[in-house]
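Enquirer: I'd like to ask some things about the structure below.
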Amino acid sequence: MARSEALFLAFVLHRRDYSDTSLLLEVFAVGEGRFPAIAKGARRKKSTASALLQPFQPLWLGATGRGEVRTLTRVEGAGAAIALRARALIGGFYLNELLMRLLGRNDPHDALFAFYQVALTALAEGQDLDTVLRQFELRLLDEIGYGMTLDRAASDGIPVRSDLSYVYDQELGVRLSGLSEPGLVLSGATLLALAAGEPLEAEQRREARSLLRIALAPHLGGKPLQSRELYRRWFGADG
């Protein structure tokens, strides 16, 4: 009896047309990590694959090849698509763009995959956008080896206090803020909320957004994020 084809759980991060009949995909999968793949014939009228090969749709995929670009051999839905709308939709695109920009190819990150699913579900449920995005950014930085310790001062390990102000140093981490010190000043309450994964209040959202932009900047290579620009155009605000 022939062995059944091994399938892996996956999401499509990005797709574009490839020739008249196929799609070129960027895939994030359990046990596989991020990799490009071609879905041959997916654009043909009789194909059902194109409707499934969309962002935020959990999938079972089969693929062949170990070169730069693999070829999909099987496409099945792995549950209902995660429905994102308005700001949550842009948030989902932002998560996908971060994964494509920060993760190397063919390097499995199964714990991050699970956290990605949780983040998408939280966005679909209407949970606070800033809180969800900041927690994902922190988890992603940790996965690529640049985790941030936010509940202790870098110099002496003394626990951060909610009633004090701190500065984040790109090289050293969190340290107590001095008088009139340049740089991004953060409240201890913001740092502790981020470290604990707690919902962020209005001022904490602003501080946390600035902090994570500084932390992510070296990994983005100076190229602007398209999802961030899209958020500005749609909502006239900084996402």
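The values are calculated or read from the model by the stated rules, or taken from the named source; none is laboratory data. Given the structure is predicted, the values throughout are model-derived calculations rather than measurements. Because the Cβ atoms are built from the backbone with ideal geometry, glycine has one as well, and the counts that use them run over all protein chains shown.
Enquirer: Could you give me the residue pairs with C-beta distances under 8 Å whose first residue belongs to the range 49-64 and is touching a residue at least 24 places away in the same chain (Cβ under 8 Å), whose second residue is part of a helix (DSSP H, G or I) wherever it lies, and which are 6+ apart or on separate chains?
Expert: Pro55/Gly92; Pro55/Phe93; Pro55/Asn96; Phe56/Gly92; Phe56/Leu120; Pro58/Gln117; Leu59/Leu52
Enquirer: Name the single residue that is farthest from Arg213 (Cα to Cα) among those in the range 139-173 being among the acidic types (Asp, Glu) and modelled with pLDDT of 95 or more. Break it down stepwise before answering.
Expert: So the first thing to find is which residues in the range 139-173 are among the acidic types (Asp, Glu), and the list is 142-143, 151, 156, 163, 169, 171.
Keeping just the survivors that are modelled with pLDDT of 95 or more gives 142-143, 151, 163.
Working: Asp142: 15, Glu143: 17, Asp151: 19, Asp163: 24 Å.
Selected residue: Asp163.
Enquirer: Filter the range 114-158 down to the residues that are under 15 Å from the mean Cα position of the chain (by Cα) and polar (S, T, N, Q), then identify the one that is surrounded by the fewest Cβ atoms within 10 Å (Cβ to Cβ).
Expert: Thr121
Listed here are the residues, each with its yes/no results for (1) crowded, with 20+ Cβ neighbours inside 10 Å; (2) assigned by TED's automatic domain parsing to the domain that holds Leu102; (3) not hydroxyl-bearing (Ser, Thr, Tyr).
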| position | (1), (2), (3) |
| --- | --- |
| Leu24 | no, no, yes |
| Val30 | no, no, yes |
| Phe35 | yes, no, yes |
| Arg43 | no, no, yes |
| Thr48 | no, no, no |
| Leu52 | yes, no, yes |
| Thr64 | no, no, no |
| Thr71 | no, no, no |
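Enquirer: A further question on this structure: Suppose the filter is farther than 15 Å from Leu120 by Cα and either of a type in the set (D, E, K, R) or surrounded by 19 or more Cβ atoms within 10 Å (Cβ to Cβ) (or both); does Arg85 pass it?
Expert: On the way: farther than 15 Å from Leu120 by Cα: no; either of a type in the set (D, E, K, R) or surrounded by 19 or more Cβ atoms within 10 Å (Cβ to Cβ) (or both): yes.
Considered against the rule, which asks whether it is farther than 15 Å from Leu120 by Cα and either of a type in the set (D, E, K, R) or surrounded by 19 or more Cβ atoms within 10 Å (Cβ to Cβ) (or both), Arg85 comes out as no.
Enquirer: So which residues in the range 192-214 are of a type in the set (A, V, I, L, M, F, W, C), modelled with pLDDT of 95 or more and surrounded by 12 or more Cβ atoms within 10 Å (Cβ to Cβ), if there are any at all?
Expert: Answer for the range 192-214, where residues must be of a type in the set (A, V, I, L, M, F, W, C), modelled with pLDDT of 95 or more and surrounded by 12 or more Cβ atoms within 10 Å (Cβ to Cβ): Leu192, Ala193, Leu194, Ala195, Ala208, Leu211, Leu212.
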